[in-house]
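The values are calculated or read from the model by the stated rules, or taken from the named source; none is laboratory data. Because the structure is predicted, anything quoted here is derived from the model rather than measured. Here the Cβ positions follow ideal geometry from the backbone for every residue, glycine too, while neighbour counts run over all protein chains shown. Remember, those area values only see protein heavy atoms, side chains included, never the ligands or the DNA or RNA. Shrake-Rupley method; radii C 1.70, N 1.55, O 1.52, S 1.80 Å.
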Amino acid sequence: MSTTTETKRYPVTHTDAEWRKLLTPEQFHIMREHGTERAGTFYCAGCEQALFASKKKFESGTGWPSFNDPVPGSVDTTTDRSWGMTRTEVNCSRCGSHLGHVFDDGPPPTHLRYCINGVALNFKPE
Ligand SMILES: [Zn+2]
């Protein structure tokens, strides 16, 4: 076992090898490794520039993909004053496509929360 914490005993137990036979690779990852997403990279749907790595994605509770650390240089930000609010708009630095907005209530160390529209992204698993 790689874990040092005490393992709770369940009525149904299997070794990892047995679980791998019972479950698809994706089910195994989600159900047995507590994975929430497959590792991979999100690319701009407009120009295929790599924007975010999925391991940096976090659950914001908004239902939108949220990230706190874009690939360096991949996004530009502009101030968006539409709808009577001042928000910071996020654009692809390569093709200028609108991706979403960035807020300053994210987790450390950046405290930024990039709230990106899923339709602007193409996901490629590693
Ligand atoms: Zn782009």
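Taking a cut-off of 15 Å, what percent of all Cα-Cα pairs in the stretch 40-125 are separated by more than that? Can you show the working numbers first?
On the way: 1983 of 3655 pairs.
Summing the P(r) tail past 15 Å for the stretch 40-125 gives 54 percent.
Students often check this: by mean Cβ neighbours within 10 Å, which of 102-113, 66-77, 13-24 ranks highest, and how do the rest follow?
Top of the packing list down: 66-77, 102-113, 13-24.
Assuming R0 = 22 Å, can you tell me the calculated FRET efficiency for the pair V119 and E26, based on Cβ-Cβ distance, to the nearest 0.05?
It comes to 0.45.
Percent of accessible area on the stretch 40-125 owned by carbon and sulfur, 1.4 Å probe?
On the way: 2460 of 4730 Å².
Accessible surface attributable to carbon and sulfur in the stretch 40-125 totals 52 percent.
Rounded, prolate or oblate: which one fits the stretch 63-111, using the alpha carbon gyration tensor with axes a ≥ b ≥ c (rounded when a/c is under 1.5, else prolate when a/b beats b/c, else oblate)?
On the way: a/c = 1.78, a/b = 1.08, b/c = 1.65.
The shape class here is oblate.
Hey, can you find the accessible area per residue of the stretch 40-125 for me, probe 1.4 Å, expressed in square angstrom? Display every interim value, and only then the final one.
Numbers: 4730 Å² over 86 residues.
Computed with neighbouring chains in place, this is 55 Å² per residue.
Determine, from the Cβ-Cβ distance of H14 and C95 and an R0 of 35 Å, the FRET efficiency 1/(1 + (r/R0)^6), rounded to the nearest 0.05.
Values: r = 48 Å, r/R0 = 1.36.
Efficiency computed from Cβ-Cβ geometry: 0.15.
With every protein chain in place, what's the accessible area of M85 (1.4 Å probe, Å², nearest 10)?
Rounded to the nearest 10, that gives 90 Å².
Taking the Cβ of E89 as the centre, find all other residues whose Cβ is under 15 Å away and add up their charges (Lys, Arg: +1; Asp, Glu: -1). List each step's numbers first, then the result.
Numbers: positive: R81, R87, R113; negative: D76, D80, D104.
For residues surrounding E89, the net value is 0.
Provide Y10, Y43 ordered by accessible surface of protein heavy atoms (probe 1.4 Å), highest first.
Values: Y10 135, Y43 55 Å².
Largest to smallest exposure gives the sequence Y10, Y43.
Ordering R81, R32, R87 by how much accessible area each has at a 1.4 Å probe, largest first, what is the list?
On the way: R81 170, R32 105, R87 60 Å².
My answer, sorted largest first, is R81, R32, R87.
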